[in-house]
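Novice: I'd like to ask some things about the structure below.
Derivation of every value follows stated rules applied to the coordinates shown; laboratory data play no part. Not measured: the values here are computed from a predicted model.
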Amino acid sequence: MKYGRGRYSQYKLLHEEKKIRNYLVETVLFSKKSLFCLLGKYKAVVIKPSFGPGEFNISFENNKYKIKTQKKIITVINKEEVYEYIKSYEIHQKFYVIQPRKLASSQSPIPYRSIVTVHRKTSSAKWRIVSTAYDEDFSVFSQFYHRYYLKKFRRASIIAAKKLGESFTNYNTIVIEILFDYKRGFWISDTILHSPVSKWDQYQTLRVNKTILSFLPKTNLLTNVTFRDYLNRFNEIMIKPCSGQHGVGIVQIKRKNPFTYEIHSGIRSVTITNQDRAYSYIEDTFLSKKDYIVQQKIQLATIDMCPMDVRVITSKVESAWIVTDKIVKVAGANFIITNAAQKLLTLEDAIQDSTISNINNEKLEAKIDKICLLAAKHLEKSDAELTIIGFDIGITNQGDIWIIEGNYVPDLSMFKDHKEKQR
């Protein structure tokens, strides 16, 4: 039987696996009937779209129903009003699912959420856990219980990935959301398939090679904990949607001091005091729309105080990867990324005009070509149909190079425009 990629299809597929069936959060398709049924069985439910983020909660409190979305809380009298409000204002996709929402117990103030990333090198390789992120930090008391459950839900995550991987052979990275409570155990509440175009899948594919890993910025899935951790370690971070193009949704966050955070997107910048409020702003503005990764900010070399990077086009010609083009993009004034480029330059001209010092142009270019070709060969393992990849390569003032990301549908018009201007 062929399954779709939506949440309900994945749930039905996992439910076939006896080893994890009892660990799955009950999941049903949203309808008026199913909504009324679950609201009759549970104190609180969560409704999720078939694809992507954007969930909201419904709870029964003080003889009223409370509908809590990312940005507001609505109170209504009965189930009928709940359904009408949801249908009118919150339903934006064709299909949604409903689950009981796990509430607090006497042992833990809230069920902890763990986000486990499972990856395989190819469709025939073994699955392995490559990352575990959390929404909350653990107290010393909690850490003991966490270690007890860790082996169990890691094992369940591998079983879930194997089951999903059998049907979705083109997906080699799966994110599994685990809720756990020290008294009641753990549950698999969500599974997210990451295709080869996902930045999170791309990072997992590239980091397997130790040589490539040294050219990758530190990266993780964005959660409250990783947000705080990366800011404390690097002071400046970038967050990016897992799937997206043309720099849309990319945000820079800078910790100016322990109490002030500058959030910069496009040419717009806002300053927020308090780290929790900064994360809440990120959550409301960006995470409600897409899943994100977080990365250390690479301090790029600049030209006239504007950051620059190199777009390198690698193409597969008769089964061999070669570098077919290369150009430097200079960001526009007040922009944090180079997608909105104010000028395009050859690498030689860019180095001459930039803050990069004491660099041999030929050696730097050869190094860039070598790492891009190596990366292209590894990405091809995850997607055999790839024939072209555009890499954005960052260069620091010291001449260190970094793979910012690879783009499978690179914009080639900039090369044509630049060549025409040179005539």
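Novice: Specify the angular offset, from 0 to 90 degrees and rounded to the nearest 10, of the alpha carbon long axis of helix 224-234 from the longest principal axis of the alpha carbons in the chain.
Specialist: That works out to roughly 30 degrees.
Novice: Any idea what % of Cα-Cα pairs in the chain are farther than 43 Å?
Specialist: Cα-Cα pairs of the chain separated by over 43 Å account for 18 percent.
Novice: If one puts a single equal scatterer on every Cα of region 275-368 and applies the Debye formula without solvent, what log₁₀ I(q)/I(0) results at q = 0.15 Å⁻¹?
Specialist: -0.77
Novice: Compute the normalised compactness of region 135-264: alpha-carbon radius of gyration over 2.2 N^0.38 Å, N being the residue count.
Specialist: Relative to the 2.2 N^0.38 Å estimate, region 135-264 comes out at 1.23.
Novice: Calculate the translational D of region 185-236 in whole µm² s⁻¹ from Stokes-Einstein, where the hydrodynamic radius comes from the Kirkwood formula applied to all Cα pairs, the temperature is 25 °C and the viscosity 0.890 mPa s.
Specialist: Approximately 185 µm²/s, per Stokes-Einstein.
Novice: Any chance you could tell me what percent of the C-alpha pair distances in region 343-423 go past 14 Å? Don't skip to the end; give the middle numbers.
Specialist: Working: 2236 of 3240 pairs.
Everything past 14 Å amounts to 69 percent.
Novice: Still on this structure, please answer the following. Over the alpha-carbon set of region 37-87, divide Rg by the Kirkwood Rh and report the Rg/Rh ratio to two decimals.
Specialist: Using Cα coordinates only, the ratio equals 0.95.
Novice: For the chain, take the longest principal axis of its alpha carbons; what is the angle in degrees between that and the long axis of helix 361-382, to the nearest 10 within 0 to 90?
Specialist: That helix lies at roughly 30 degrees to the long axis.
Novice: Ok, one more. Cα atoms only: what Rg and Dmax, in Å, come out for region 219-292?
Specialist: Answer for region 219-292, Rg first and Dmax second: 11.4, 33 Å.
Novice: Further, regarding this structure: Pairing the Cα long axis of helix 32-41 with the longest principal axis of the chain, what angle in degrees results, from 0 to 90 and rounded to the nearest 10?
Specialist: Long axis of 32-41 versus the principal axis of the chain: about 70 degrees.
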